[in-house]
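One structure is given here, and the rest of the page talks about it.
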Amino acid sequence: MQPVKSLVERPIPASALIDAELGSAIRIALSDRRAALSDTLNSMEPEAAEIGEIAALITRTLRNGGRVLVAGNGGSAAEAQHFATELVGRFKRERDPWPAMALTADTAMLTAIANDYGFETVFSRQVAAFGGEGDVLVAFSTSGESANLVRAAETAVERGMAIVAITGPRPNRLASIADRVIEVPIADIPVIQELHAVVLHILCELVESSLVEAAR
């Protein structure tokens, strides 16, 4: 009978080495992301009052029959659609839909405006069409420097709208125009976007809770 080889003598399959290296890399990535999110969330605690003010602003707007227009580019476009979806659909409670519109969702309109007037106008022209006094523009931007969002905010000022900017670190042009600003004070764009999602969920919770309780 042949003796059983010791574990030391057995060759380790290449796939196992790859899996081990991948597992180690993932654990490191999770640890790094956990630390970044935790540190940044802690540094955002002074923003709590501002988040409350923004929730109150959006609540008043919807209660008074106003609209919430939402915009952003790239990952922030997804956040804009996410936020509008939670308001029109539901977040956690059964209730009536609220008038919120993502200015990022209509590809025919976006491409027509960009083709005819330039990409920097894709949101401002929609703000001019759909926004008015008593409405709110919510702009998501990791940099706060996107020309199309700055133009949209300028148009919202002309239309008598309130402006909420949810951005990365200040200073930036979008924040300088906005009435209310939530700043994520970190340079890492993926972490900014992840914390923008946290912020929009908190806003949805506060707005929905206020409006549903008031309707009872």
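The values are calculated or read from the model by the stated rules, or taken from the named source; none is laboratory data. Owing to the predicted nature of the structure, the values given are computational and were not obtained by experimental measurement. Glycine gets a Cβ as well: all are built from the backbone with ideal geometry, and neighbour counts include every protein chain shown.
In the set ARG173, ARG216, ARG159, only one residue is modelled with pLDDT under 95 and either assigned by TED's automatic domain parsing to the domain that holds ARG67 or closer than 28 Å to GLU94 by Cβ (or both); that residue is ARG216.
Given the structure, is THR107 surrounded by fewer than 21 Cβ atoms within 10 Å (Cβ to Cβ) and without any contact (Cβ under 8 Å) to a residue 60 or more places away in the chain? When the stated conditions are applied, THR107 passes them. Hey, among the residues in the range 72-131 that are of a type in the set (Asp, Glu) and within 17 Å of VAL199 (Cβ to Cβ), which one's farthest from the chain's Cα centre (by Cα)? Taking the candidates together, the pick is GLU86. Among the residues of the range 93-101, are any part of a helix (DSSP H, G or I), at pLDDT 95 or above and either of a type outside the set (S, T, N, Q) or exposed (fewer than 14 other Cβ atoms within 10 Å of the Cβ) (or both)? Within the range 93-101 (the criterion being part of a helix (DSSP H, G or I), at pLDDT 95 or above and either of a type outside the set (S, T, N, Q) or exposed (fewer than 14 other Cβ atoms within 10 Å of the Cβ) (or both)), the answer is no, since none of the residues qualifies. Note on the range 107-199: enclosed strands (runs of 3 or more DSSP E) holding 1 or more residues that are among the acidic types (Asp, Glu) are 180-183.
Does VAL136 satisfy being within 21 Å of SER176 (Cβ to Cβ), buried (at least 22 other Cβ atoms within 10 Å of the Cβ), within 16 Å of the chain's Cα centre (by Cα) and of a type in the set (A, V, I, L, M)? So VAL136 fits the description; yes.
Close contacts from the range 25-36, counting a first residue that is under 13 Å from PRO190 (Cα atoms) and a second that is among the hydrophobic types (A, V, I, L, M, F, W, C), with Cβ to Cβ under 6 Å and a gap of 6+ residues or different chains, come to ALA36/VAL191.
Checking every residue in the range 129-141 against the condition of being more than 30 Å from ARG95 (Cβ to Cβ) and of a type outside the set (Asp, Glu) gives zero matches.
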